[in-house]
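Presented below is the structure to which this report refers.
The values are calculated or read from the model by the stated rules, or taken from the named source; none is laboratory data. Being a predicted model, the structure only gives us computed values, none of them experimental. Here Cβ is always computed from backbone atoms with ideal geometry, including for glycine, and neighbour counts include all displayed protein chains.
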Amino acid sequence: MHICMIGTGYVGLVTGTCLAEVGHSVWCVDVDGSKIERLKNGEIPIYEPGLEDMVSRNVKQGRLRFTTDLKEALDDSPFVFIAVGTPPGEDGSADLRYVLDAARQIGSAMEDYKVVVVKSTVPVGTTEKARLCVSEELGIRGRDDLDFDVAFCPEFLKEGSAIDDFMSPDRVVIGTDNQKTADLLGELFSAFSFREDRIIFMSIPSAELTKYASNSMLATRISFMNQLARFCEKIGADIDQVRHGMGSDGRIGSAFLYPGVGYGGSCFPKDVKALIHSGRSHGVPMTLLESVEEINKSQRKWFFDKILSHYGADISGKIFAVWGLSFKPNTDDIREAPALDIIPWLLEKGATVRAYDPVGQENAKAALPNTENIVYCDDNYQALENADALILLTEWLPFRRPEFDRMKDLMREHVIFDGRNQYRPDRMADLGFVYYGIGRE
Ligand code: UDX
């Protein structure tokens, strides 16, 4: 089948490439000409394991093409996906400008029947607005004779494992309002679902809400665990044991119960805010999610206060090694990463930071203050040289079992603030470290 993908950001590029990988013919369109040129040359603008190889293989085999010309891409594609950004506005609402612009462009360029599939994460009602935008443009052109349908098909890709998530999804959600579109999209996605019941058809508003509800549910689990972790420290319980005990209940499950320094990334913070905003504007305040957001914000401060209280509040002149700048492992994405809050707080108090991240370093450099008080290091051991403490913020695999003796030789003081509970407190004590974790004092 022929497919046109509007937007070559994270979602559009991964979706377009995976659709090409199973044999579809895909045009990826973007307004950013330099990005399209780079993609044509096989240069990938994001770090995502496996993506670069998959893009170059499909480009070579002619199934994946890049262009800035929507008309060229639309001409032979019955399916048009909209996968552009929906950044949060100042009030937390999703900014729909790019989605609706894309819909208008489709209306002004299409010449035959299209299924317009919104893939961007959008509030309930947006797919309907996109339908109106396409219609309006057709009306302006005097081409009301052209037929089209709309659908909403959310993405559930995790950065760092997006290709696996797309190729073997837990489920594919398809929101439509008619059988013909459902059949067409069911056929398009059938290559990815080894069991047919993994494709879930529903109404468009239900599909739009399913996306926000899923991310908000996961964020709720994390904030609940973070609040429980703080409680554990007060009562002498261990959150890791509690997590294990809870997660073994099949009804609860063990995923997304890891406490830490709060969730980050491009989705959870934005989607929780957007659902809070939507609820409020429909007269149903999402009070549970307001707390989820509040706990997430205060979690980083709580962790930072732990660092301060170890030193009796004065950390000026101290040197901190920071392991991990990306918001989670296997990505160079630093959006809403804990490091972007915690490093500036350390600097404000007069400390120096020696930072290391396997792939997020360049993005972090651009986002953090430009000061000689942040030294970017070549590896995690170099970051420890003369450090008064290690602060672990992202659980990259190489940080899991480091050479502790070597670490001790390099550090001035043997203190670890572990924001991801990567080490066992009893073992750290045996090794001679002063160790602070999350909810396990
Ligand atoms: C998320 C959703 O998982 C995905 O389905 C959706 O399409 C996009 O948003 P992503 O943002 O890539 O994916 O990251 P994810 O792996 O879900 O982690 C989100 C945040 O939660 C990270 O900051 C992570 O560190 C944190 N997290 C996750 C926890 O603090 N504890 C956990 O147990 C799990």
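Exactly one residue among Glu362, Glu441, Glu403 is among the acidic types (Asp, Glu), at negative phi and within 25 Å of the chain's Cα centre (by Cα), and that residue is Glu362. Of the listed requirements (1) modelled with pLDDT under 95; (2) within 16 Å of the ligand (Cβ to nearest atom); (3) closer than 20 Å to His24 by Cα; (4) not polar (S, T, N, Q), Pro88 misses just one: (3). Out of (1) touching a helix residue (DSSP H, G or I) at 6+ places or on another chain (Cβ under 6 Å); (2) at pLDDT 95 or above, what's the single condition that is false for Gln422? Only one criterion in (1) touching a helix residue (DSSP H, G or I) at 6+ places or on another chain (Cβ under 6 Å); (2) at pLDDT 95 or above is unmet by Gln422, namely (1).
Table: residues versus (1) under 30 Å from Ile276 (Cβ atoms); (2) aromatic (Phe, Trp, Tyr).
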| site | (1), (2) |
| --- | --- |
| Gly7 | yes, no |
| Val14 | yes, no |
| Tyr47 | no, yes |
| Glu52 | no, no |
| Val59 | no, no |
| Arg65 | no, no |
| Leu70 | no, no |
| Val84 | yes, no |
| Val99 | yes, no |
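Residues in the stretch 308-347 that are surrounded by fewer than 23 Cβ atoms within 10 Å (Cβ to Cβ), among the polar types (S, T, N, Q) and touching a residue at least 40 places away in the same chain (Cβ under 8 Å): Asn330 alone. For the stretch 305-342, residues that are part of a helix (DSSP H, G or I) and within 16 Å of the ligand (Cβ to nearest atom) total 5. Only one entry in Asp170, Asp177, Asp164 is surrounded by fewer than 19 Cβ atoms within 10 Å (Cβ to Cβ), of a type in the set (D, E, K, R), farther than 25 Å from Pro123 by Cβ and in the same structural domain as Glu111 (by TED's automatic domain parsing), namely Asp164. Each residue in the stretch 111-161 was checked for being surrounded by fewer than 21 Cβ atoms within 10 Å (Cβ to Cβ), polar (S, T, N, Q) and either more than 16 Å from the ligand (Cβ to nearest atom) or more than 30 Å from Lys328 (Cβ to Cβ) (or both), and 1 pass. Within the stretch 42-80, the set of residues being closer than 21 Å to Asp332 by Cβ and in a helix (DSSP H, G or I) comprises Leu51, Glu52, Asp53, Met54, Val55, Ser56.
Of all residues in the stretch 286-307, those that are more than 25 Å from the chain's Cα centre (by Cα) and loosely packed, with under 15 Cβ neighbours inside 10 Å total 1.
Residue under question is Lys180, and the condition is that it be of a type in the set (Lys, Arg), touching a helix residue (DSSP H, G or I) at 6+ places or on another chain (Cβ under 9 Å) and either part of a helix (DSSP H, G or I) or under 25 Å from Glu159 (Cα atoms) (or both); does it hold? Answer is no for this residue. When you scan the stretch 241-263, how many residues do you find that are without any contact (Cβ under 8 Å) to a residue 40 or more places away in the chain and near the ligand (Cβ under 6 Å from one of its atoms)? So the answer is 2. Within the stretch 396-414, not a single residue is closer than 30 Å to Pro87 by Cα and part of a strand (DSSP E or B).
Results for (1) under 16 Å from Phe303 (Cβ atoms); (2) free of Cβ contacts under 8 Å to residues at least 40 places away in the same chain; (3) surrounded by 20 or more Cβ atoms within 10 Å (Cβ to Cβ); (4) not assigned by TED's automatic domain parsing to the domain that holds Tyr258, shown as yes or no for each residue.
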{"residue": "Tyr356", "(1), (2), (3), (4)": "no, yes, yes, no"}
{"residue": "Ala366", "(1), (2), (3), (4)": "no, yes, no, no"}
{"residue": "Thr371", "(1), (2), (3), (4)": "no, yes, no, no"}
{"residue": "Asn386", "(1), (2), (3), (4)": "no, no, no, no"}
{"residue": "Trp396", "(1), (2), (3), (4)": "no, no, yes, no"}
{"residue": "Arg400", "(1), (2), (3), (4)": "no, yes, no, no"}
{"residue": "Arg427", "(1), (2), (3), (4)": "no, yes, no, no"}
{"residue": "Tyr436", "(1), (2), (3), (4)": "yes, no, yes, no"}
{"residue": "Gly439", "(1), (2), (3), (4)": "yes, no, yes, no"}
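Just one of (1) away from the ligand (no atom under 13 Å from the Cβ); (2) in contact with a Lys or Arg (Cβ under 6 Å, 6 or more places away or on another chain); (3) of a type outside the set (Lys, Arg) fails for Ser266. It is (1).
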